[in-house]
Amino acid sequence: MHKPFLILSCLLLSFCAAAIESESLFLDQGWRLQSGAKIDETGETLSLPHMDVNDWYSTDIPKTVLAALVDKGVYPDPYFGQNMKSIPGYQDGSWLVQREDSPFKSSWWYRCEFDLPAAQDAEYYTLHFDGINYKAVIWLNGRKIADKDEVVGMFRRFQFPVTDQLVRGGKNVLAVEIIPPGLLEGKQPRTKQIEATTGWDDHNPQPPDMNMGIWQPVYLRRQGPVTLQHPYVESDLILPALQQASLIVSAWLLNNSDEAIACTVSGRIEGREFVQETALAPSEKKELIFSPADFSVLVVENPRVWWPHPAGNQELYQLELEVSVKGEQSDALKTTFGIRDCSTHVTAEDWRKYQLNGKDILIRGGAWMTQDMLLNLDASRYEALVRYAREANLNMLRSEGFSIRETETFYDLCDRSGVMVTQQLFGRNLPDEALAIACIEDTLLRIRNHPSLVHLLGHDETFPTESLDRAYRELIEKHRIRRSYQPHSGTFNIGTRAKTGGTRTGTRELWTYTGPSHYYWIQKRKFDSAWGFAQSGGIGGVLAARDSIRQMLPANDLWPAEKNESWSFHTVTQGISYFDAVFRAMDRGYGAPKSFDDFCNKLYAMNYNSARGMFEAYSRHKYDALGITTWKYNAAWPAALTWQYVDWYKRPTAAYYGAKKACTPVHALYAHDDQGLYVVNSLYDAQPNLTLHHALYGLHGKKVTERRDTVSVGEDGRVRAAVLDFPEEVGETFFLHLQLEDDHGAPLSNNCYWLSRTPDIPGKSGSGKDGIFYTEPKSTADFTALQSLPEVELDTRVSCADDQLRVEVQNPSEHIAFLAIFAVVDPETALEAAPVYWSDNYITLMPGESRVLQAETKGMKEGAFLRVEGFNISSQEVPLIKEAGV
């Protein structure tokens, strides 16, 4: 048996999240970085000991070149204000070709020294690079390991045998020359992607270095003569009873030696053991399969089944594999998997419908963006973003095609959180199709075990070439990727849905601004209402949390937002004029803003209302409406005004809490099309004898009507419980309050609407000669009277134990407290702490109403307090009272 690696020199022994078990030495510390333009030495010299690199930049990896230089203070924080524009090589808009004078047009060198223990018998070493952007020449101890024609493509893992190149019992030197993307001839191509590298579409500025560098781990693996790779567990689950599953276990074997080898592969799944012997020719690589026909232990009775949240539990199993040669362990690995059945099909109306474990499921989620523009892929940000999705009962994230192919950290969190993933393969067609295919093959082998992965998309808003589409399908079949596939994410024209694969994208009107009733216009506006499946519909003009805007913009740039270069830079690459329709809608519906805080309060009301209305419309119309992954869920950098539901600082937006309200598992909603009150059940358990209480309030808090109804709703069902009429005495602008309780009186849903007698009726829309998108609705809901709401001071008490908060809040006044916002404040920065997971937020309280909110945070600092503010809420700072328990 091999002894574990020692922690030597500057190296840290750590573990890979998925398939690498123990004998991996991660080379993540003690690196040096320098521009190739400043280096005269060859790779052979740079990879020898005693090279003087004291004038190089120190860094740890994974780290892109620009990220490392920002860390060292070479360039200012690119996320603040307009600092990005001062970094050499920066270009406005979307671009794919490096500037001639860019310091990132030359290659850059990464160099690391490390020690290894003395050699042992029958050990083989491989050197692994899990992500390099874009090309690399790799040198080890004065010898070239790989050239730039071998190491190319951001979305591939590379491994090289280095047993004979390493110095055991001495110092080793690894030098890596990185050649950037963007070294293209001629003018800017008229496309959004042309190389196998990440892109940002119009989401945020392109980093001047185009994310060049080592962006994923580098490590050495020590194993015996045979290596295990690509473990996989397929499951056939009997439907609909789910009483039995047949498992197929497979892995690839690689003979590291130049001799024929007989070996034994043994596996274990929770006490179920299986063994198979095989032989490998010299240097042979082959797949070994354990089938239930040959190994009866792989037939599982009454399996624990993986469900997306909140439909059920997220049950996971662990596979352990070991290969031995002559009775000695040669390699071992572990990986997790889930037993579940996911399928999609295209309906008679040419829309894609999802089923999990034999049950229909309404998809409600968002488009997932690479979490950080400089690829500082922080585990805590992954954890926060995926948890926020689960907390909001969003059941799918679509990993967007211009972004990275997501990491094991992301997929592991989605597995454990019950958040399904649709993985898009690429954004656009690449001229180098062989490279694209190699990237996708490696991606599929890497992610195929994850139960959260449920569907594969080809390209974004365009078709793959015939050859690429054929290759994708062949790879899916070759590697038995039991997921559905469609070639195209969908167009703006729903008439093309049968050809693209049963989905559509949004419209420019939706992406700029639309009110909640828009999604209910199914009879007259099917092309962009809650009908069918939208890969990227959604609302635009979503505003970041107030304190996030304060962090990303200079204080003197906070107001006004319009015609403001800093605001414009922190929207989309087209600038703030892209969201001109948002400003005009605010002027029409809520009144022109008078200050930064007034602007925030009004846009938060718009965002909450629209996001809630969109997701509720999909629920109300299921299964004519089959799902939406709204554009978009998160942002890769600090965006003030864009489409995000959680901003870069890990703070949820008002739109997030509107979506969370709409996705309450058993929920009461108001439908804008028929003035009906609906109860929607997202669970696979019937909900009998519920009590729905609804009340209408005039603008200033007088209750006008009130009623209770008993309602029952079947599993995954919906029912219209009542139809409203609005008596004259409620006025022109009024409130509807809905409360839903179960058959024991426990609250299930608490929902409040602000409504107008003046209806929202869409009208003309389009782009003017200046390119600015406009909407000219026939009628706009009039909420300008909300500006006259009297100020309300809430009675708020907070108790906390460890990181758990309990907030008891009451509206003691005779007036409505509109959109109260609660934030835990860091006493050192006076800014909202993040992440904080609230049971509810942006809440509206009727006169005399009390609510109890729960929140969870981590590492709450001494002196932290609760800040309360809102549309007509007196600002408060409430101390946290520590108690023994909550």
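The values are calculated or read from the model by the stated rules, or taken from the named source; none is laboratory data. Predicted, not measured: the structure shown is a model, and the values here were computed from it. A quick note on method: Cβ atoms are made from the backbone with ideal geometry, for glycine too, and the neighbour counts reach across all protein chains shown.
The set of residues in region 754-783 that are touching a residue at least 12 places away in the same chain (Cβ under 8 Å), surrounded by fewer than 18 Cβ atoms within 10 Å (Cβ to Cβ) and of a type outside the set (D, E, K, R) comprises Thr758, Pro759, Ile761, Gly763, Ser765, Ser767, Gly771, Ile772, Tyr774, Ser779. Considering region 532-550 alone, what residues qualify as being assigned to a loop (DSSP other than H, G, I, E, B) and either out of contact with any Asp or Glu (no Cβ under 7 Å at 6 or more places or on another chain) or within 15 Å of Thr630 (Cβ to Cβ) (or both)? Scanning region 532-550 gives Gly537, Gly538, Ile539, Gly540, Gly541. Evaluate region 159-171: report whether one residue or more is buried (at least 22 other Cβ atoms within 10 Å of the Cβ) and assigned to a loop (DSSP other than H, G, I, E, B). Looking through region 159-171, none of the residues is buried (at least 22 other Cβ atoms within 10 Å of the Cβ) and assigned to a loop (DSSP other than H, G, I, E, B). Residues that are without any contact (Cβ under 8 Å) to a residue 60 or more places away in the chain and β-branched (Val, Ile, Thr) within region 675-693 comprise just one, Thr691.
Just one of the numbered conditions (1) closer than 30 Å to Ser417 by Cα; (2) small (Gly, Ala, Ser); (3) in contact with a Cys (Cβ under 9 Å, 6 or more places away or on another chain) is not true of Ala279: (1).
With respect to Gln223, is the statement that it is free of Cβ contacts under 8 Å to residues at least 40 places away in the same chain and either surrounded by 14 or more Cβ atoms within 10 Å (Cβ to Cβ) or in contact with a Gly (Cβ under 6 Å, 6 or more places away or on another chain) (or both) true? Judged against the criteria, Gln223 is not a match. Restrict the check to region 306-321 and report whether at least one residue is outside the structural domain of Arg416 (by TED's automatic domain parsing), of a type in the set (A, V, I, L, M, F, W, C) and more than 30 Å from Leu394 (Cβ to Cβ). Scanning region 306-321 turns up at least one residue that is outside the structural domain of Arg416 (by TED's automatic domain parsing), of a type in the set (A, V, I, L, M, F, W, C) and more than 30 Å from Leu394 (Cβ to Cβ).
Taking the criterion of being over 29 Å from Ile437 (Cα atoms) and either assigned to a strand (DSSP E or B) or touching a residue at least 60 places away in the same chain (Cβ under 8 Å) (or both), the residues of region 466-509 that qualify are Arg508, Glu509.
Among the residues making up region 846-870, those that are among the charged types (D, E, K, R) and part of a strand (DSSP E or B) are Arg851, Glu856, Arg867, Glu869. For Glu808, the conditions (1) at pLDDT 95 or above; (2) surrounded by 14 or more Cβ atoms within 10 Å (Cβ to Cβ) are fulfilled apart from (2).
Among residues that are outside the structural domain of Ser250 (by TED's automatic domain parsing) and at pLDDT below 95, Lys526 is included. Consider only pairs whose beta carbons are under 6 Å apart and that are at least six residues apart or on different chains; among these, list those whose first residue lies in region 356-382 and is free of Cβ contacts under 8 Å to residues at least 40 places away in the same chain and whose second residue is surrounded by fewer than 20 Cβ atoms within 10 Å (Cβ to Cβ). Close Cβ pairs satisfying both conditions: Ala379/Thr409; Tyr382/Thr409. Residue count for region 811-835 satisfying the condition of being free of Cβ contacts under 8 Å to residues at least 60 places away in the same chain and of a type in the set (Val, Ile, Thr): 3.
No other residue among Leu397, Leu362, Leu356 is crowded, with 21+ Cβ neighbours inside 10 Å, touching a Cys at 6+ places or on another chain (Cβ under 9 Å) and either of a type in the set (Gly, Ala, Ser) or under 20 Å from Gly490 (Cβ atoms) (or both) apart from Leu397.
Apart from one condition, Ala293 fits all of (1) touching a residue at least 12 places away in the same chain (Cβ under 8 Å); (2) assigned to a loop (DSSP other than H, G, I, E, B); (3) more than 34 Å from the chain's Cα centre (by Cα); the exception is (1).
Being among the β-branched types (Val, Ile, Thr), outside the structural domain of His459 (by TED's automatic domain parsing) and surrounded by 22 or more Cβ atoms within 10 Å (Cβ to Cβ) is the requirement here; does Ile179 meet it? No, not satisfied. Please determine, by comparing only the residues of region 766-807 that are outside any loop (DSSP other than H, G, I, E, B) and aliphatic (A, V, I, L, M), which one is farthest from Val824 (Cα to Cα). Among those residues, the one meeting the criterion is Ala785. What tally of residues in region 408-428 results from selecting those that are outside any helix (DSSP H, G or I) and either touching a residue at least 60 places away in the same chain (Cβ under 8 Å) or on the phi > 0 side of the Ramachandran plot (or both)? Adding up the residues that qualify gives 8. Going by the conditions given, is Cys439 modelled with pLDDT of 95 or more and closer than 14 Å to Thr198 by Cβ? Yes.
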